[in-house]
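Quick notes on the structure that follows.
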Number of protein chains: 2
Amino acid sequence: MATSNMSALSLFLDRLLRRSVLSAEEQGAILNLRSHAFQAEGRSDIVSPGQKVDHACLVVDGLVGRFDQMAADGRRQTTAFHLPGDMCDLHSVVAPVAGWGIEAIATSTVLHIPHRDLRALATSYPAIALAFWRDTTADASILGKWVSNVGRRNAPARTAHLVCEIGIRMEQAGLGERTRYTFAATQVQLADALGLTPVHVNRTLQALRADGLLRIEQRMVHVDDWDRLAVLAEFDPEYLLIEHLPEQRAA
Amino acid sequence: MATSNMSALSLFLDRLLRRSVLSAEEQGAILNLRSHAFQAEGRSDIVSPGQKVDHACLVVDGLVGRFDQMAADGRRQTTAFHLPGDMCDLHSVVAPVAGWGIEAIATSTVLHIPHRDLRALATSYPAIALAFWRDTTADASILGKWVSNVGRRNAPARTAHLVCEIGIRMEQAGLGERTRYTFAATQVQLADALGLTPVHVNRTLQALRADGLLRIEQRMVHVDDWDRLAVLAEFDPEYLLIEHLPEQRAA
DNA sequence: CGCCTGCTTGAGATCATTCAAATCGTGTGG
DNA sequence: CCACACGATTTGAATGATCTCAAGCAGGCG
């Protein structure tokens with residue numbers, strides 16, 4: 001089990017190493033985590049809202065989203081997209097009762113990793129605890145931008161900002177170029193993420209396409225003019241770049 | 001310095017202990033943190049966007065907000081309110097370059113605490129590292145709700161939800177009752193938090209008042225009908241209640 | 001072919017913004 | 001005590017953005 005999932009875990013390790021320094025022993029400990037692979041259909045819930053979980057989910061393949069759901073009429077707000085290599089609810093290690101749900105946007109493969117093991121690792125290796133904390137913080141940083149995106153940008157700028165963000169993250173993760181990457185969300189799912197109506201997302205995408213900024217075809221984003229798109233979005237990628245700490249680099 | 005700020009630090013310790021179990025030694029280590037008190041005028045920025053900081057800010061008194069600012073026209077989106085006892089940028093310990101800013105909503109007292117010391121504590125005491133991580137996660141949980149609030153609720157429900165959230169948090173922190181607490185934000189600042197226009201906030205508050213749900217008078221929130229307000233807001237306080245972990249309670 | 005899902009279109013209603021101005025309260029200086 | 005300035009709240013009217021509802025279209029698949 002652990003051996004077959006090694007390469008998937010190394011995706012996660014890569015992500016950690018992008019932000020933190022870990023010793024060979026610490027890296028080995030992460031690669032040897034017990035895990036259990038799991039396949040999820042597109043448009044299915046992996047974790048339902050309010051469910052108590054005893055494992056974290058590492059996205060191996062596909063696209064996964066975190067969402068909050070309104071009790072009254074079931075309308076959803078997606079609060080995060082998770083690409084392969086992301087541990088989509090690492091924070092659940094310290095807060096196992098989720099107020100949110102996790103859904104597979106497209107058909108996806110995820111790895112279940114027991115909280116107990118992750119917590120043991122964090123307790124034994126202070127550097128790993130800090131690395132986990134930093135990883136969670138990176139997600140929180142994205143979440144903060146998501147708030148201002150939904151709260152303060154109109155539909156075209158908001159959509160453009162999301163496309164820019166995912167582009168940079170795909171590129172960082174080595175899964176495509178910022179101007180060309182696969183992104184399997186339907187317009188309905190996009191609407192859930194943008195805090196808009198599917199109809200309005202449709203018209204907005206048409207406008208962006210007509211402006212020569214971007215096209216979404218065959219579940220693939222093509223950015224035709226990155227610079228103008230970034231200007232429209234008021235996109236500054238700084239929030240996606242959490243640097244290594246000086247003393248960590250020195251160590 | 002440390003002695004005079006002890007009681008302020010104990011506010012923060014209280015907050016940590018609400019979610020995590022810490023030994024006497026660990027508690028002592030937190031109370032003995034070096035710190036430097038600092039007074040901030042209302043409507044002034046404590047940390048400007050993009051500034052690199054080497055200390056975290058513990059709110060002692062007043063009201064503080066985290067915000068994201070648009071480069072083009074300077075309009076702001078507040079992404080979090082921090083009440084006394086909150087360490088408003090604990091995450092900056094692991095991500096010192098902020099994409100956001102911190103502003104004093106009202107005149108406030110904050111304690112500056114060096115990152116170096118907090119990091120040392122997290123490294124020496126695994127339980128403290130986990131406690132810090134959990135504290136950051138609690139803020140992230142609130143942030144997630146903030147996204148769905150701004151993205152999926154109309155102005156009255158959105159405003160109601162914020163009032164409910166702050167009410168519960170004030171109560172948890174022992175700073176008031178959920179139906180009656182001081183809240184020093186002006187309508188302009190409220191608009192920044194709600195992703196609305198000040199004018200629209202004004203009309204929304206009038207509507208809520210006319211419905212007999214709440215009044216804001218003299219910088220004080222009076223909830224006249226909590227139950228109906230919670231229904232309108234579709235408010236479920238679960239996301240604010242991060243429980244102690246079973247193994248922590250046992251230890 | 002028939003069905004399903006996702007995408008597209010139209011028209012009207014609703015929500016929220018904009019801009020401009022009036023009002024109110026508080027504190028300050030004359 | 002009054003005049004004034006300032007920030008905060010309130011109001012009105014017009015505009016614009018987004019939503020709702022309802023229907024039509026296109027492609028993939030059994």
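Just name the residue that is nearest to B:Leu11 (Cα to Cα) out of those in region B:169-187 that are polar (S, T, N, Q) and within 16 Å of DNA strand C (Cβ to nearest atom).
First, pick out the residues of region B:169-187 that are polar (S, T, N, Q): B:172, B:179, B:182, B:186-187.
When the remaining residues are screened for being within 16 Å of DNA strand C (Cβ to nearest atom), the result is B:182, B:186-187.
Numbers: B:Thr182: 18, B:Thr186: 26, B:Gln187: 28 Å.
Across region B:169-187, the extreme among qualifying residues is B:Thr182.
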Could you tell me whether B:Gly167 is buried (at least 22 other Cβ atoms within 10 Å of the Cβ), of a type outside the set (Val, Ile, Thr) and within 29 Å of B:Ser92 (Cβ to Cβ)? yes
Is at least one residue of region A:231-247 over 22 Å from A:Val147 (Cα atoms), in a helix (DSSP H, G or I) and not assigned by TED's automatic domain parsing to the domain that holds A:Met70? yes
Do you know which of the residues in region B:96-110 that are surrounded by fewer than 22 Cβ atoms within 10 Å (Cβ to Cβ) and among the aliphatic types (A, V, I, L, M) is nearest to the other protein chains (Cβ to nearest Cβ)? B:Val97
When every residue in region B:202-220 that is of a type in the set (Gly, Ala, Ser) and exposed (fewer than 12 other Cβ atoms within 10 Å of the Cβ) is compared, the one farthest from B:Glu165 (Cα to Cα) is B:Ala210
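Any residue in region B:204-218 that is within 11 Å of DNA strand C (Cβ to nearest atom) and not in a helix (DSSP H, G or I)? Reasoning before the result, please.
Step one: list which residues in region B:204-218 are within 11 Å of DNA strand C (Cβ to nearest atom), which gives B:204, B:207, B:217-218.
Add one more test, that the residue is not in a helix (DSSP H, G or I), and what stays is B:217-218.
Yes, that holds for at least one residue.
Looking only at residues that are part of a helix (DSSP H, G or I) and either within 13 Å of chain B (Cβ to nearest Cβ) or within 20 Å of A:His82 (Cβ to Cβ) (or both) in region A:188-199, which one is nearest to DNA strand C (Cβ to nearest atom)?
Keep residues of region A:188-199 that are part of a helix (DSSP H, G or I), which gives A:188-194, A:198-199.
Retained after the next criterion (residues that are either within 13 Å of chain B (Cβ to nearest Cβ) or within 20 Å of A:His82 (Cβ to Cβ) (or both)): A:188-194.
On the way: A:Val188: 6, A:Gln189: 8, A:Leu190: 8, A:Ala191: 9, A:Asp192: 12, A:Ala193: 13, A:Leu194: 13 Å.
Looking at the filtered set, the residue picked out is A:Val188.
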Can you find a residue that is within 12 Å of DNA strand C (Cβ to nearest atom), modelled with pLDDT of 95 or more, more than 30 Å from B:Arg119 (Cβ to Cβ) and in contact with a helix residue (DSSP H, G or I) (Cβ under 7 Å, 6 or more places away or on another chain) anywhere in region A:144-151? yes
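Quick one: which strands (runs of 3 or more DSSP E) lie wholly within region B:13-80 and hold at least 2 residues that are surrounded by fewer than 21 Cβ atoms within 10 Å (Cβ to Cβ)?
Details: elements: B:36-40, B:44-47, B:55-61, B:64-69.
Per the criteria, B:36-40, B:44-47.
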Being assigned by TED's automatic domain parsing to the domain that holds B:Leu208 and of a type outside the set (D, E, K, R) is true for just one of B:Leu143, B:Leu111, B:Leu130, B:Leu175. Which residue is that? B:Leu175
Set A:Pro114, A:Pro84, A:Pro96: member being at pLDDT below 95 and in contact with a Leu (Cβ under 9 Å, 6 or more places away or on another chain): A:Pro96
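The values are calculated or read from the model by the stated rules, or taken from the named source; none is laboratory data. Predicted model, so just to flag it, every value in this text is computed and none were measured. Every residue, glycine among them, receives a Cβ derived from its backbone with ideal geometry; neighbour counts consider all protein chains shown.
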